[in-house]
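Worksheet: one structure, shown below.
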Amino acid sequence: MPPRLLCLAAASAAVAACSVPPAPPGNQASNETAAVSDSAAQSVRPPAPGTRGGLPGDRRPVSEAPFAATSAQAAANLVQTYYALLEAGRHGDARRLWSGGGEASEAEFAGGFAAYSGYHAQVGAPGPIEGAAGSLYVGVPVVIYGRRKDGAAFSRKATVTLRRVNDIPGSPAEDRKWHIRSIEEQSGP
């Protein structure tokens, strides 16, 4: 084998060896199951931004500078946290990010995700903050994707609307934080 191909084969073998850690003795089956689950979850990808069913194709970068708790970027950060909590199965913590804790009980909320084996979201850049009746609102586009327990992949676009009360004297500090007000799934791609 030529030296270049030998190096490539050795590098490929090294990467393959690192991709699945060895199982502890007596735990081979569960390690193989985890590797299959990771592989299946990774095979589900959302549509690329700017394509049918994906986030808007806006190529302007989102600032990575520190942001104020009242900014649109703080609202988008809450959306990222929400979907990370759902992905981790922490439904109660995710539910508490809704205004008033959401309308569903904690058991009903968690039950809404029982059909999924993988639930992820790609979060887009927030829209502009708009004011109305003493409150501020911002919309954040998302693509929700993953896999159902029956093995079917899914992907759908939605807009998460967040609300916070303006900095009005006497308003509770909790109300002056961003909370999810609604999640509207978009029909069609």
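Observations, loosely collected:
- Residues of segment 116-150 that are open to solvent by less than 60 Å² (accessible area, probe 1.4 Å) and of a type in the set (A, V, I, L, M): Ala121, Val123, Ala125, Ala132, Leu136, Val138, Val140, Val142, Val143, Ile144.
- Comparison of Tyr137, Tyr145 shows that the only residue that is in a strand (DSSP E or B) and touching an Asp or Glu at 6+ places or on another chain (Cβ under 6 Å) is Tyr137.
- Of the helices (runs of 4 or more DSSP H) entirely within segment 45-130, those holding at least 1 residues that are on the phi < 0 side of the Ramachandran plot, among the hydroxyl-bearing types (Ser, Thr, Tyr) and without any contact (Cβ under 8 Å) to a residue 24 or more places away in the chain occupy 72-87.
- Within segment 67-80, one or more residues are open to solvent by 50 Å² or more (accessible area, probe 1.4 Å), of a type in the set (Ser, Thr, Tyr) and at pLDDT below 95.
- Qualifying residues in segment 148-186 (those that are part of a loop (DSSP other than H, G, I, E, B) and under 18 Å from the mean Cα position of the chain (by Cα)) - the one nearest to Leu86 (Cα to Cα): Trp178
- The set of residues in segment 95-108 being in contact with a helix residue (DSSP H, G or I) (Cβ under 7 Å, 6 or more places away or on another chain) and either modelled with pLDDT of 95 or more or open to solvent by 30 Å² or more (accessible area, probe 1.4 Å) (or both) consists of Arg95, Leu97, Glu106.
- Selection within segment 152-181 - in contact (Cβ under 8 Å) with a residue 60 or more places away in the chain, exposed (fewer than 14 other Cβ atoms within 10 Å of the Cβ) and among the small types (Gly, Ala, Ser): Ala153
The values are calculated or read from the model by the stated rules, or taken from the named source; none is laboratory data. Just so we're clear, the structure is a prediction, and the values are computed from it rather than from any experiment. Quick reminder, even Gly has a Cβ in these numbers, built from the backbone with ideal geometry, and neighbours come from all protein chains shown. Quick note on the areas: whole protein, heavy atoms, side chains included, nothing else; ligands and nucleic acids left out. Shrake-Rupley method; radii C 1.70, N 1.55, O 1.52, S 1.80 Å.
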